[in-house]
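S.K.: Would you mind keeping the following structure in view while I ask a few things?
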């Protein structure tokens with residue numbers, strides 16, 4: 001079996017594929033909001049409505065995702081680069097000063113409706129170990145599209 005591509009080249013190649021920017025949210029055991037920025041998010045199935053997101057195993061938000069049993073995928077609107085960068089850090093209080101609301105489902109995380117083009121609340125259905133990440137598959141139970149909001153795109157390590 002051949003060896004894998006070297007990591008810097010792999011990052012360069014994969015960064016050429018444009019993706020949306022998602023802030024994944026959940027509530028911790030202390031009921032405080034947690035979140036992180038991800039670019040690996042996609043639809044898996046229409047029937048049932050399933051979505052997949054990939055989360056680094058070292059993420060500080062991962063325990064909240066496990067505790068809650070679900071998550072909210074906030075698909076960021078263009079112009080929200082500062083929020084994307086903030087949620088990509090290891091800060092302990094990423095939600096200070098942010099407006100958010102709880103979803104109808106107790107299994108989802110905070111909805112950042114003033115910063116998103118759309119959102120999907122998901123109940124965690126499957127967890128698959130994938131190298132240094134976990135692939136989480138969720139059943140979409142709630143969601144909304146905000147007409148007029150253009151989704152943010154990330155490509156070659158830049159927001160567009």
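The values are calculated or read from the model by the stated rules, or taken from the named source; none is laboratory data. Here the structure is a predicted model, which is why all the values come from computation and not from measurement. Don't worry about glycine lacking a Cβ; one is built from the backbone with ideal geometry, like all the others, and counts go over all protein chains shown.
S.K.: It is to be established whether one or more residues within segment 82-100 are in a strand (DSSP E or B) and either farther than 14 Å from residue 136 by Cβ or at pLDDT 90 or above (or both).
M.R.: Our first condition is that a residue be in a strand (DSSP E or B); within segment 82-100, this holds for none.
Within segment 82-100, not a single residue is in a strand (DSSP E or B) and either farther than 14 Å from residue 136 by Cβ or at pLDDT 90 or above (or both).
S.K.: Related question: Can you report the number of residues in segment 111-160 which are within 20 Å of residue 64 (Cα to Cα), under 14 Å from the mean Cα position of the chain (by Cα) and surrounded by fewer than 16 Cβ atoms within 10 Å (Cβ to Cβ)?
M.R.: The qualifying residues number 0.
S.K.: So which residues in segment 12-31 are farther than 20 Å from residue 116 by Cβ and surrounded by 12 or more Cβ atoms within 10 Å (Cβ to Cβ), if there are any at all? Steps first, answer last, please.
M.R.: Of all residues in segment 12-31, those farther than 20 Å from residue 116 by Cβ come to 12-17, 28-31.
If the condition is that a residue be farther than 20 Å from residue 116 by Cβ and surrounded by 12 or more Cβ atoms within 10 Å (Cβ to Cβ), then 12, 14, 15, 28 are the ones that fit.
S.K.: Continuing with this model, one more query. Output the number of residues of segment 68-92 satisfying the condition of being touching a strand residue (DSSP E or B) at 6+ places or on another chain (Cβ under 8 Å), exposed (fewer than 15 other Cβ atoms within 10 Å of the Cβ) and in contact (Cβ under 8 Å) with a residue 60 or more places away in the chain.
M.R.: Residues in segment 68-92 being touching a strand residue (DSSP E or B) at 6+ places or on another chain (Cβ under 8 Å), exposed (fewer than 15 other Cβ atoms within 10 Å of the Cβ) and in contact (Cβ under 8 Å) with a residue 60 or more places away in the chain: 1 in total.
S.K.: State which residue is surrounded by the most Cβ atoms within 10 Å (Cβ to Cβ) when the search covers only segment 41-57 and only residues that are touching a residue at least 60 places away in the same chain (Cβ under 8 Å) and not in a strand (DSSP E or B). Write out each step before concluding.
M.R.: Step one: filter segment 41-57 for residues touching a residue at least 60 places away in the same chain (Cβ under 8 Å), giving 44, 48-57.
Still in the running and not in a strand (DSSP E or B): 48-49, 57.
Values: 48: 9, 49: 15, 57: 11.
Looking at residues that are touching a residue at least 60 places away in the same chain (Cβ under 8 Å) and not in a strand (DSSP E or B), I get 49.
S.K.: Quick check on my filter: what residues within segment 19-29 are under 19 Å from residue 99 (Cα atoms), part of a loop (DSSP other than H, G, I, E, B) and over 8 Å from the mean Cα position of the chain (by Cα)? Outline the logic, then answer.
M.R.: Of all residues in segment 19-29, those under 19 Å from residue 99 (Cα atoms) come to 21-28.
Then keep just the ones that are part of a loop (DSSP other than H, G, I, E, B); that gives 21, 28.
Hit for segment 19-29 is 28, nothing else.
S.K.: So is residue 112 in contact with a helix residue (DSSP H, G or I) (Cβ under 8 Å, 6 or more places away or on another chain), at negative phi and touching a residue at least 12 places away in the same chain (Cβ under 8 Å) or not?
M.R.: Details: in contact with a helix residue (DSSP H, G or I) (Cβ under 8 Å, 6 or more places away or on another chain): yes; at negative phi: yes; touching a residue at least 12 places away in the same chain (Cβ under 8 Å): yes.
Answer is yes for this residue.
S.K.: Another question about this same structure. Condition (residue is at pLDDT 95 or above and part of a loop (DSSP other than H, G, I, E, B)) applied to segment 58-65: is it met by at least one residue?
M.R.: Residues of segment 58-65 that are at pLDDT 95 or above, as a first pass: none.
No, that holds for no residue.
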